Amino acid sequence: MEEFGIAAGQRVAVIWDGSSPVEALKGLVDSVRASVGADGRVAVENVNQLSQSAHRESSFDVILSGVVPGSTAQHSAEVLAEIARILKPGGRVLLKEPVVTESDNNSGIKTAAKLPAALTLSGLVEVKELQKEPLTAEEAQSVREHLGYQGNDLLIVQMEGRKPNFEVGSSSQLKLSFAKKTSPSGKPSVDPATAKLWTLSASDMNDEEMDLLDSDELLDSEDLKKPDPASLRAPSCKEKGKKKACKNCTCGLAEELEQEKKSSQPKSACGNCYLGDAFRCASCPYLGMPAFKPGEKILLKENQLHDA
C-alpha cells in the first residue's frame, strides 16, 4: 500500500478498537495482505488486548493503529509502550487519533501538542505529524458514542514514528582512549619554561640576588614561649564550677583528676578517728594506728581500705 509505505514480504500489525467499522476493518486488512504478499504476515489486534498478545519483541516492520476509516481509537501510554516493544528496530508506526484544540478539558483526550510527546516518551524517534483535518460526520458521531465527548473542537491527526535502530536493553562497547601523550623517550613532555620555574639548582643557592628566608626568623619571642596548660583546656572542661574532664580529654585534666582521686583519703564519719583506737569504730580504717593531730595527713595502705 503506497499510502502507508508497506512493501512485499513485510510483517504488519493492524490495531483496531470498538469504534472501528467492521467492513472498513476487513477492507483494510485485505488491502494490507495483498501488499505484503505470500512472504509477508498480517496480524490483527484489538487495542485493549494488545498487552496480552503473545507477540515477541521486534516482531513487526510496520504497525497501523487507528487508521481504519471511521475509527476514533485512543492510545494510552501502555499501548504506545507495547507498540514500541513489538516493533522491529527501524520499523515504522502510523496511527490516527482524535485530539482537542483546547488544553483545559477534562475529557482525557490528548491535545495536538501532547500526542507527539506521548509517542516520543514511549521510545519512538523521528515523530512527525503527517495530516491534521476536521472530523467527518461519521467520526464525530463515533466520538460522542465511544468517548462521550460533546465538544466541537476536535481534529483527527495522523502521526508517524520510528523505532531506533537498536533494541531496548542492548549495549555496545564504547572505544574511548584516555592514554596520555608521551614524548618519544617514553616520559611525559614538560614545558621548558615551566620546568625552569620550579627548578632550584646549586648555582641559584649561591646567587646574591636569590633571597632565601630562614625559617627560624619567622618565629617571634611569643611563639617560643611555653603555653600555659590551663589555656589549652576546652571551655567544657569546667561545668557549673565543678571540674569535669571531657570524654576524649587531651589537655591533661583527666590525668589530674585521676591523680587527685588516688591521693585522696577517706573522710571520718564520726570525727573521732584521730583520738586513737579507744574512740574508733569497729570498721575504722585507722584501727591499729596511733593517735594523730586533727588535719594531719595520714597515708593508708590499699589493703586498709575496705567497705564497712
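Residue by residue through segment 7-17, which ³J(HN,Hα) values in whole Hz follow from phi under the Karplus form 6.51 cos²θ - 1.76 cosθ + 1.60 (θ = phi - 60°), with glycine and proline marked x?
Values, residue by residue: 10, 5, x, 7, 9, 10, 10, 10, 10, 10, 9 Hz.
Given a cut-off of under 8 Å on Cα pairs at least six residues apart, what relative contact order in percent is computed for segment 10-141?
Numbers: 199 pairs, mean separation 32.5, N = 132.
Worked out over segment 10-141, it gives 25 percent.
Any chance you could run the full-extension gain for L121 through Q52? It's 0.36 nm times the residue separation minus the Cα-Cα distance, nm to one decimal.
Details: separation 69, 0.36 × 69 = 24.84 nm, distance 2.13 nm.
Going from the current span to full extension adds 22.7 nm.
List, in order, the whole-Hz ³J(HN,Hα) value for each residue of segment 45-50 obtained from phi through the Karplus relation with A = 6.51, B = -1.76, C = 1.60 and θ = phi - 60°; use x for Gly and Pro.
Karplus values, whole Hz, x for Gly and Pro: 10, 7, 5, 7, 10, 5.
So what J values fall out for segment 19-24 if you push phi through Karplus, 6.51 cos²θ - 1.76 cosθ + 1.60 with θ = phi - 60°, rounded to Hz, Gly and Pro as x?
Once rounded to whole Hz, the list reads 8, 6, x, 4, 5, 5.
From the P(r) of segment 54-124, can you give the percent of Cα pairs sitting at distances over 17 Å? Before the final figure, lay out the partial values.
On the way: 1141 of 2485 pairs.
That fraction is 46 percent.
What does the C-alpha gyration tensor say about the overall shape of segment 58-180? Classify as rounded when a/c is under 1.5, otherwise prolate if a/b is larger than b/c, or oblate. If you can, show how the numbers build up before the last one.
Numbers: a/c = 3.05, a/b = 2.27, b/c = 1.35.
Taking the square roots of the gyration eigenvalues as a ≥ b ≥ c, segment 58-180 is prolate.
Taking amide hydrogens as modeled 1.01 Å from N in the peptide plane, which residues meet the under 5 Å criterion relative to S65, leaving out close sequence neighbours?
I15, L94, L95, K96
Let's test the formula: R0 of 45 Å, r as the Cβ-Cβ distance of S221 and A291. What FRET efficiency results, to the nearest 0.05? It would help to have the intermediate numbers written out before the result.
Working: r = 56 Å, r/R0 = 1.25.
E(calc), rounded to 0.05, equals 0.20.
Using modelled backbone amide H atoms (1.01 Å from N, in-plane), which distant-in-sequence or interchain residues come within less than 5 Å of T111's amide H?
Sorted by chain and number, the residues that satisfy this are V100.
In segment 58-183, what percent of the accessible surface is made up of carbon and sulfur (1.4 Å probe, ligands and nucleic acids excluded)?
Details: 3580 of 6910 Å².
Carbon and sulfur: 52 percent of the exposed surface of segment 58-183.
Please list the equivalent ellipsoid semi-axes of segment 1-137, computed as the square roots of five times the alpha-carbon gyration tensor eigenvalues, in descending order and whole angstrom. Write out the running numbers ahead of the final one.
On the way: eigenvalues 115, 61, 39 Å².
Over the Cα atoms of segment 1-137, the ellipsoid semi-axes are 24, 17, 14 Å.
Could you tell me which of the pairs K261/K297; K96/K132; K225/K247; K110/K132 are separated by over 19 angstrom between their Cα atoms in the structure shown? Before the final figure, lay out the partial values.
Numbers: K261/K297 15 Å; K96/K132 9 Å; K225/K247 29 Å; K110/K132 14 Å.
Pairs exceeding 19 Å: K225/K247.
For segment 4-151, give the magnitude of the charge dipole about the Cα centre (Cβ charges: +1 Lys/Arg, -1 Asp/Glu; no others), in debye to the nearest 20.
Values: 14 positive and 18 negative charges, 86 e Å.
Magnitude of the dipole: close to 420 debye.
Skipping prolines and chain starts, which residues have an amide H placed within reach, meaning under 5 Å, of the one on H55, given they are 5 or more residues away or on another chain?
none
The values are calculated or read from the model by the stated rules, or taken from the named source; none is laboratory data. What you see is a predicted model; the values in this text were computed from it and never measured. All Cβ positions, even for glycine, are placed from backbone atoms using ideal geometry, and neighbour counts span all protein chains on display. Calculation scope for accessible area: heavy atoms of the full protein, side chains included, ligands and nucleic acids excluded. Shrake-Rupley method; radii C 1.70, N 1.55, O 1.52, S 1.80 Å.
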